[in-house]
Amino acid sequence: MSFFKGIDGASEHPGRELLAYTTSGVAFVIAIYGLSLPQPVITLWIIPLPFLALRWPRWALSIALALVFAGGVALALLVATDPVAEVRLVALQAFALAAMIALVVRLVASRTATLASLASAEARHRVLVESLNAIPFEVDLATDLFLYVGPQVEQVLGCPASELIDFDSWAAMLHPDDREEAIRFCRDAAAKGEDHEFEYRMLVAGRPEVWIHDVVAVAKEAGRPAFLRGVMIDVTEKHRAAEERDRLEHRALEAQRLESLGILAGGVAHDFNNLLTPILANVSNVLETATLPESVRAQLRDAEVAAEAAADIAQQMLAYAGRSRSALSAEDLSHIVADTVRLLSAGISKQAALELELAEGPIWVRGEVAQLRQVVMNVLANAVDAVEATGGTVFVKTFVEASESRELGERVTGPPLPPGPCAVLAIHDDGVGMDEEMRRQMFDPFFSAKPSGHGLGMAAVLGIIQSHGGAIDVTSAPGTGTCVKVSLPLCEAPRTSEQSAVSARTAAPDGTSCVLVVDDEPAIRRAVRYALEDKGFRVVEAGDGEEALAVVRPAPNAFAAVVLDMTMPRLSGRETLSVLRQRAPDLPVLLMSGYSEAECSPEAGTNVGFIAKPFRARELQAHLSELLARQGSEPPALD
């Protein structure tokens with residue numbers, strides 16, 4: 001048994017060690033007495049005692065000291081010539097030995113306490129460091145080896161710490177786009193002995209990229225950089241949040257840009273319709289004249305066709321602005337899609353295969369058939385063009401999609417739909433696809449990726465869907481095709497009811513029925529006056545709402561009807577209508593505007609009608625006659 005084993009720890013078997021120590025002492029005594037060895041040899045037996053004192057409990061140590069003293073006294077009595085002097089000497093040596101043991105025990109106890117304190121502090125600091133959401137590390141600049149890497153590396157990077165051996169293994173994990181810059185920056189800062197911070201991305205096979213914010217302190221020895229000590233902080237969530245914020249800001253700016261374009265297009269279309277109204281009304285009114293020479297009639301017809309084409313362009317601009325003037329009704333989306341595809345199928349290239357997958361039952365949406373067909377035609381035409389060159393398939397589907405919240409995809413265009421089921425038209429092609437820049441511009445007016453492209457195209461689609469309260473989700477990438485997903489709110493199926501037979505009594509003007517025409521454009525007032533006078537009405541003109549109220553105020557019951565423009569200076573059409581309702585509640589009012597009926601939000605009632613600019617003379621006459629017939633009273637005469 002070694003007396004020096006575990007010298008800083010307590011003995012597991014102090015009794016056995018004490019017996020062995022006593023046996024060896026007896027052997028020393030016998031050897032000294034029997035063999036006449038010199039008495040100082042006893043020192044060899046005493047030497048281990050201070051070290052054993054570190055291992056033994058107090059009772060074993062006391063017995064050992066007593067044995068030493070007893071052994072010394074026994075030797076003094078057996079071999080010494082002066083036993084009394086020798087006993088005194090042994091007592092003195094035993095006291096010195098006890099003092100030495102006490103000193104050693106105290107020193108070692110102090111050292112043990114210090115080591116324990118250091119070990120406890122080290123454990124606390126290790127727990128603190130290893131509980132950080134970061135990777136602590138230390139690098140020896142002389143060898144480029146990592147002396148320490150925190151266990152967090154497995155959680156952050158998904159690889160064991162043993163894989164992060166040296167500078168090269170760290171560089172190998174860097175994102176290819178960041179590698180060169182990160183290595184250069186780190187090397188330069190370390191060579192200058194400057195503490196530094198920098199960010200980069202790390203990639204480990206099979207794991208998503210991780211953004212790292214590296215905070216590094218340079219430790220020096222003899223004035224030269226020797227070690228790098230720092231932490232790698234995972235800031236991936238911060239970057240993802242920043243990317244999400246940038247994406248939302250981009251979407252907001254894109255929505256503002258499209259809204260600005262829509263406002264501009266709507267304003268231009270409104271003014272355009274005002275300019276076209278006197279042209280179309282006057283030309284159509286003159287064409288009603290039977291005595292016109294045929295050559296003049298042909299020229300006027302050409303002018304009428306040109307005005308109608310211009311009106312169509314204005315209508316597309318209103319559709320893009322979400323201000324189309326069509327009335328909405330409950331329609332079956334699948335039926336509209338099937339009819340439109342059937343009409344277009346003859347003109348579709350043979351290179352494009354068309355697969356139709358429609359919902360089994362009707363999908364009712366509130367919309368205008370012509371505009372919804374335009375949506376299908378424009379999107380389908382783009383899909384066919386995308387596969388025409390190389391050949392491919394276009395998939396057309398309709399279905400009902402249920403969700404808790406309707407804000408479509410990452411590239412949604414349009415407002416969020418209300419929670420619940422919605423009708424979906426999905427047109428997907430496996431053609432060339434679009435890059436992000438083209439996808440961003442696809443809703444711009446007159447933008448086209450085709451050399452022969454023209455018109456409003458997808459811009460009109462956007463306006464139509466927005467005016468129908470829907471949204472568009474476009475997903476595309478080069479080489480993967482494009483999917484356009486149109487979502488519309490569902491509505492109830494139309495109810496079949498007997499139409500009440502209304503006697504279409506047309507007012508028979510006799511030259512005494514008077515109509516008040518209110519518009520701030522003199523050319524429009526004159527065009528309306530010509531059209532109505534040709535049908536036997538008398539016409540009084542007013543240039544704005546205040547002038548109209550001044551005319552009506554003295555005799556509110558003197559007019560058969562009022563033709564009122566909605567957009568005027570000083571007093572708008574809506575404000576004028578409100579005052580007229582107070583003074584003459586039963587007076588028929590025919591509203592007219594370059595915007596849609598829904599945009600103007602006219603009051604409901606049998607004595608309020610609406611006609612969209614531009615219009616032909618006969619359309620104005622028909623609307624006014626129908627309004628007077630609904631009123632069911634003879635038109636009053638002007639006194």
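Consider the range 561-580 and keep the residues that are open to solvent by 30 Å² or more (accessible area, probe 1.4 Å) and touching a residue at least 40 places away in the same chain (Cβ under 8 Å). The one that is farthest from Gly267 (Cα to Cα) is Pro569.
Of the residues making up the range 207-228, those that are exposed (fewer than 12 other Cβ atoms within 10 Å of the Cβ) and farther than 19 Å from Arg240 by Cβ are Lys220, Glu221, Ala222, Gly223, Arg224. Among residues of the range 267-315 being among the polar types (S, T, N, Q) and in contact (Cβ under 8 Å) with a residue 60 or more places away in the chain, the one that is farthest from Tyr530 (Cα to Cα) is Asn273.
For the subset of the range 522-537 comprising residues that are touching a Gly at 6+ places or on another chain (Cβ under 9 Å) and surrounded by fewer than 19 Cβ atoms within 10 Å (Cβ to Cβ), which member is farthest from Met568 (Cα to Cα)? In this case the residue turns out to be Gly536. Please give the number of the condition Glu138 fails out of (1) under 20 Å from Ala219 (Cα atoms); (2) at pLDDT 90 or above; (3) part of a helix (DSSP H, G or I); (4) not hydroxyl-bearing (Ser, Thr, Tyr). Evaluating Glu138 over (1) under 20 Å from Ala219 (Cα atoms); (2) at pLDDT 90 or above; (3) part of a helix (DSSP H, G or I); (4) not hydroxyl-bearing (Ser, Thr, Tyr) leaves (3) as the failure. Would you call Asp178 under 29 Å from Gly223 (Cβ atoms) and in contact with a Phe, Trp or Tyr (Cβ under 6 Å, 6 or more places away or on another chain)? The answer is no for Asp178. For beta carbons closer than 8 Å, sequence separation of 6+ or different chains, a first residue in the range 385-403 that is over 15 Å from Lys350 (Cα atoms) and a second that is open to solvent by 30 Å² or more (accessible area, probe 1.4 Å) and modelled with pLDDT under 85, the qualifying pairs are Ser403/Pro419.
All told, Glu194 meets the bar of being in a loop (DSSP other than H, G, I, E, B) and either open to solvent by less than 50 Å² (accessible area, probe 1.4 Å) or closer than 15 Å to Asp214 by Cβ (or both). Among residues of the range 239-253 that are over 19 Å from His213 (Cβ atoms), none has a beta-carbon under 9 Å from a residue that is part of a helix (DSSP H, G or I) and modelled with pLDDT of 90 or more at least six positions away or on a different chain.
Only one of the numbered conditions (1) more than 26 Å from Pro151 (Cα to Cα); (2) open to solvent by less than 80 Å² (accessible area, probe 1.4 Å); (3) assigned to a loop (DSSP other than H, G, I, E, B) is violated by Val204, and that is (1). Between Val268, Val305, the distinction of being surrounded by 13 or more Cβ atoms within 10 Å (Cβ to Cβ) and either hydrophobic (A, V, I, L, M, F, W, C) or modelled with pLDDT of 85 or more (or both) belongs to Val268 only.
Do you know which of the residues in the range 159-177 that are closer than 17 Å to Val210 by Cα and open to solvent by less than 30 Å² (accessible area, probe 1.4 Å) is nearest to the chain's Cα centre (by Cα)? Residue satisfying both the conditions and the ranking: His175. Of all residues in the range 445-469 being assigned to a loop (DSSP other than H, G, I, E, B) and modelled with pLDDT of 75 or more, which is surrounded by the most Cβ atoms within 10 Å (Cβ to Cβ)? My answer is His468. Criterion first (within 30 Å of the chain's Cα centre (by Cα), within 23 Å of Ala241 (Cα to Cα), open to solvent by less than 20 Å² (accessible area, probe 1.4 Å) and in contact (Cβ under 8 Å) with a residue 40 or more places away in the chain) does Val156 satisfy it? Against the criterion (within 30 Å of the chain's Cα centre (by Cα), within 23 Å of Ala241 (Cα to Cα), open to solvent by less than 20 Å² (accessible area, probe 1.4 Å) and in contact (Cβ under 8 Å) with a residue 40 or more places away in the chain), Val156 qualifies.
Inside the range 526-555, can you point out the residues that are assigned to a helix (DSSP H, G or I) and farther than 21 Å from Thr289 by Cβ? Full working, then the answer.
Just the residues of the range 526-555 that are assigned to a helix (DSSP H, G or I), to begin with: 526-533, 545-552.
Hits for the range 526-555 are Gly545, Glu546, Glu547, Ala548, Leu549, Ala550, Val551, Val552.
I'd like the full set of residues that are of a type in the set (Ser, Thr, Tyr) and more than 14 Å from Ile165 (Cα to Cα), limited to the range 130-150. If you could, list the steps in order and put the result at the bottom.
The initial filter retains those residues of the range 130-150 that are of a type in the set (Ser, Thr, Tyr), namely 131, 143, 148.
Of everything in the range 130-150, just one residue is of a type in the set (Ser, Thr, Tyr) and more than 14 Å from Ile165 (Cα to Cα), namely Ser131.
Kindly check whether there is at least one residue in the range 227-242 that is within 34 Å of the chain's Cα centre (by Cα), modelled with pLDDT of 80 or more, over 30 Å from Ile524 (Cβ atoms) and acidic (Asp, Glu). Yes: one or more hits.
The values are calculated or read from the model by the stated rules, or taken from the named source; none is laboratory data. Quantities reported herein were computed from a predicted structural model and do not represent experimental measurements. All Cβ positions, even for glycine, are placed from backbone atoms using ideal geometry, and neighbour counts span all protein chains on display. Just so you know, the surface numbers come from the protein's heavy atoms only, side chains and all, with ligands and any DNA or RNA stripped out. Shrake-Rupley method; radii C 1.70, N 1.55, O 1.52, S 1.80 Å.
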